[in-house]
Amino acid sequence: MYDYVSGRIAELTPTRVVIDNNGIGYGMEISLRTYSQLENKPEATIYVQQQVNPREGTAVYYGFAGKEERDLFRMITGVSGMGASTARMLLSSLSAEELREAILSEDVARIKSVKGIGLKGAQRLVLELKDKIVRGDGETGTPALFAGTDRNQAADEAGTALQLLGFPKQAVSKAVQAILKKNPTASVEEIIKAALQML
C-alpha cells in the first residue's frame, strides 16, 4: 500500500485530488479540510489510505494533507458502523482539533450536528475513541492511535499483519492496546506473538 505520494497537483476539486508523479496520475478522494490546505499550491505531499469496499470488492484511495487527519480517518473507520464516507464527512465538517476536543469532552451534540451522524453513532464514536485519542502536548497535542511515535509505528505494523491473518480490525485494536499498556516498548514481533494468544 502507498504511504504517501509527492508531486504536481494536476487536478483539484473539493472532493478529489490527482497528483502527477513522474507522469503517473494518482487520484484520491479528499476532505474539504485537505482541499483548503491544497488550494493554490502547485505541488504537494499527500498521505494515502486505501479503503476496500466490502460489497463491491473495489479499492478507493483517500488522500490527506497531513498525517494527523489520516490518523483520525483510520480511527473513525475502525469504529463499528462508521465507513469511509462518514469519516470524510466528519473531517470535512470539523477540524482535527475540533473533532479531537469533541471526543475528549464527550460532546455528543457537536458530533451529532454533522450530516449523517445520528445520536447512537456519535455516542459510539466517543465511547470507542476517547481512550485512543491522547493529548500530545497539552491542548495542542496531536491525536495518535497510540501514544508515542515508536509505539504508533509498531502498533500499526503489528495491527496490519494481524488483520492480514484474518482477525477483525476491532479485536486487533483492543488486543494491541492491552499489550502496549503492559509493555509500552514492545516490538512488532512481540505485539504479534502476544496478540495471537489473546485473539
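Which one of these does ILE46 not meet: (1) part of a strand (DSSP E or B); (2) on the phi > 0 side of the Ramachandran plot?
Result: ILE46 passes all but (2).
GLY118: assigned by TED's automatic domain parsing to the domain that holds ARG16 and either touching a Pro at 6+ places or on another chain (Cβ under 8 Å) or not aliphatic (A, V, I, L, M) (or both), yes or no?
No: the conditions fail for GLY118.
Of all the residues that make up the stretch 117-133, how many are surrounded by 13 or more Cβ atoms within 10 Å (Cβ to Cβ) and assigned to a loop (DSSP other than H, G, I, E, B)?
3
Hey, among the residues in the stretch 53-75 that are under 13 Å from the mean Cα position of the chain (by Cα) and closer than 17 Å to THR15 by Cβ, which one's surrounded by the most Cβ atoms within 10 Å (Cβ to Cβ)?
GLY63
Considering only residues of the stretch 1-44 that are more than 18 Å from GLU69 (Cβ to Cβ) and of a type in the set (Val, Ile, Thr), which is surrounded by the fewest Cβ atoms within 10 Å (Cβ to Cβ)?
Residue satisfying both the conditions and the ranking: ILE24.
Considering only the stretch 5-37, state which residues are among the aliphatic types (A, V, I, L, M) and within 19 Å of the chain's Cα centre (by Cα).
If the condition is that a residue be among the aliphatic types (A, V, I, L, M) and within 19 Å of the chain's Cα centre (by Cα), then VAL5, VAL17, MET28, ILE30, LEU32 are the ones that fit.
Could you please find all residues in the stretch 60-104 being on the phi < 0 side of the Ramachandran plot and assigned to a loop (DSSP other than H, G, I, E, B)?
ALA65, GLY66, GLY78, VAL79, SER80, MET82, GLY83, LEU94, SER95
Taking the condition assigned by TED's automatic domain parsing to the domain that holds ILE9 and not in a strand (DSSP E or B), does ARG55 pass?
yes
The values are calculated or read from the model by the stated rules, or taken from the named source; none is laboratory data. Model, not experiment: these values are computed from the prediction. Glycine also receives a Cβ, built like all others from the backbone with ideal geometry; neighbour counts cover every protein chain displayed.
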